[in-house]
1. For the range 160-172, state whether one or more residues are open to solvent by 60 Å² or more (accessible area, probe 1.4 Å), touching a helix residue (DSSP H, G or I) at 6+ places or on another chain (Cβ under 8 Å) and aliphatic (A, V, I, L, M).
2. When only residues in the range 86-106 that are part of a strand (DSSP E or B) and closer than 28 Å to residue 171 by Cα count, which is modelled with the lowest pLDDT?
3. Only one of 146, 131 is open to solvent by 60 Å² or more (accessible area, probe 1.4 Å), at positive phi and modelled with pLDDT of 90 or more; which?
4. What is the one condition in (1) in a helix (DSSP H, G or I); (2) modelled with pLDDT under 80 that residue 109 does not satisfy?
5. Keeping to the range 105-151, report how many residues are of a type in the set (Asp, Glu) and free of Cβ contacts under 8 Å to residues at least 12 places away in the same chain.
Amino acid sequence: MLPALFDAMPRNAIEYDHVDYILNVAEITPRLLKLAEGNFPRESFMSEEIKIEAQMNQLEAEALSAPDRPGTPSPFGCPECGGVLWELGKEKLIRFRCRTGHAYSAGSLLTGQSENLETALWNALRALEEKVALFYRLAERARTGKRPRSAERFQQQGLATQRSADLVRQLLMTETEEKSTAIIDEMTLGN
């Protein structure tokens, strides 16, 4: 059996759910055709929670805002809209969905949070570097205006802010290196 290019979904299905078949790509179509010949009502395989979640997935307003919607509020925010995520699934596989319909597995929620954190850090770095530039410009103007104490104060504030910017940059570079290493490892292990 050839490994999937991105194998998290099939691995999770095998690990967390009842799996009827584990097939190679070439075996999937014939099996689906054979199964399609059978007469299986889709609803009979779905729990009530899954039916409601399927309606939520279709962004049906009634299902999204129902007071008896499945799940419980979690302490996590939706990476896309910032709304409260509801935790679904009392079994092994945990899922999350917000009021507007965005849905996540635990892994995709971690990815979304990581992306939001990285964006916030890049914005913080840009803001810190702009602040450093402003302090240095103010220090230069104070020097040319013959205000040495103000110039020294702005210079010191610029240096302190530069240290903060350097820390954020170092954190970003470490995160980027770790992410690159993880991607390379995943690609290498998949081959």
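The values are calculated or read from the model by the stated rules, or taken from the named source; none is laboratory data. Note that the structure is a prediction, hence the values are computed from the model and not measured. Methodologically, a virtual Cβ is constructed for each residue, glycine included, from the backbone with ideal geometry; neighbour enumeration extends over all protein chains shown. Note: accessible area is taken over every heavy atom of the protein model, side chains too, but ligands, DNA and RNA are not part of it. Shrake-Rupley method; radii C 1.70, N 1.55, O 1.52, S 1.80 Å.
1. Looking for residues that are open to solvent by 60 Å² or more (accessible area, probe 1.4 Å), touching a helix residue (DSSP H, G or I) at 6+ places or on another chain (Cβ under 8 Å) and aliphatic (A, V, I, L, M), one finds at least one in the range 160-172, hence yes.
2. 105
3. Being open to solvent by 60 Å² or more (accessible area, probe 1.4 Å), at positive phi and modelled with pLDDT of 90 or more holds for just one of 146, 131, which is 146.
4. Of the numbered conditions (1) in a helix (DSSP H, G or I); (2) modelled with pLDDT under 80, the odd one out for residue 109 is (2).
5. The number of residues fulfilling the criteria is 2.
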